[in-house]
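Novice: Here it is, the structure, as structure tokens.
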Amino acid sequence: MPNELTVKNETIADNLLIKPEELDSWFHQKFQEELQKHEDTKTPSMTIIATKGTMDMAYPPFILASTAAALGWDVSIFFTFYGLELLKKDLQLKVSPLGNPAMPMKMPFGPQWLKNININMPNAISSNIPGFENMATVMMEQTTKAKGVAGIGELRELSIEAGVNMVACQMTVDLFNYKEGEFIDEVNEWVGAASFLPIASKADVSLFI
């Protein structure tokens, strides 16, 4: 028959024995705690691929980038093909009605009844009217000014001040025979897609504009 000491040892062993379900629950709890700790300390990141060189398409990347950077995110913009126009020292951006289904815009000035008029002119016609591109650009500029929206140059400067990483596509620079001197000094990197894609793959948000 087991003596009293043996019974006590068996009781202690039973108390120390962790059941599989209890062990699973403990690991799950610890994993969730570590995961939450990682989420709480992680800095969100965003990458943007900017491919358009018109005035209207310059707003989205700079607005999104400057806003995210102001919130403390790590932000990088990869300017490729016509998007490189947004990095030029001399910004000569226009609003192109060709292929833009949102054109034309409403009138930004005049009496309210005039500003409410929306002339639905087909792109094929508007894009062939001499001076229509310049008129559309002036209308866009006046609209943003009247609504208190910053210009492209100002938004770009805000993005740079907020720490947005400006990346130029070296392949496009070579393709179009651009010179680095044509671009702002704040371009941080001159790389190809193979160098930028690993950064984009790790970002929390990736946008193609």
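Novice: Consider only pairs whose beta carbons are under 7 Å apart and that are at least six residues apart or on different chains; among these, list those whose first residue lies in the stretch 151-162 and is assigned by TED's automatic domain parsing to the domain that holds GLU189 and whose second residue is buried (at least 17 other Cβ atoms within 10 Å of the Cβ) and assigned to a loop (DSSP other than H, G, I, E, B).
Specialist: ILE152/LEU93
Novice: I would also like to ask the following. Pull out all pairs, ordered by first then second residue, where Cβ-Cβ is under 7 Å, the residues are six or more apart or on different chains, the first lies in the stretch 51-71 and is within 16 Å of VAL167 (Cα to Cα), and the second is part of a helix (DSSP H, G or I) and of a type in the set (Gly, Ala, Ser).
Specialist: Matching pairs, first to second residue: THR51/GLY83; LYS52/GLY83; GLY53/GLY83; PHE62/SER159; ALA65/SER159; SER66/SER159; ALA69/SER159.
Novice: Specify the residue that is farthest from the chain's Cα centre (by Cα); the eligible residues are those in the stretch 173-202 that are more than 16 Å from LYS89 (Cβ to Cβ) and among the β-branched types (Val, Ile, Thr).
Specialist: VAL191
Novice: Restricting attention to the stretch 68-104, and to residues there that are β-branched (Val, Ile, Thr) and either at pLDDT 95 or above or more than 22 Å from the chain's Cα centre (by Cα) (or both), which single residue is farthest from LEU175 (Cα to Cα)?
Specialist: So the residue we want is VAL75.
Novice: Identify all residues within the stretch 125-172 that are farther than 20 Å from MET57 by Cα and modelled with pLDDT of 90 or more; write none if there are none.
Specialist: GLU161, ALA162, GLY163, GLN170, MET171, listed by residue number.
The values are calculated or read from the model by the stated rules, or taken from the named source; none is laboratory data. In this text, all values refer to a predicted model and were calculated from it rather than measured experimentally. Ideal geometry is used to build each Cβ from the backbone, glycine not excepted, and the neighbour counts take in all protein chains shown.
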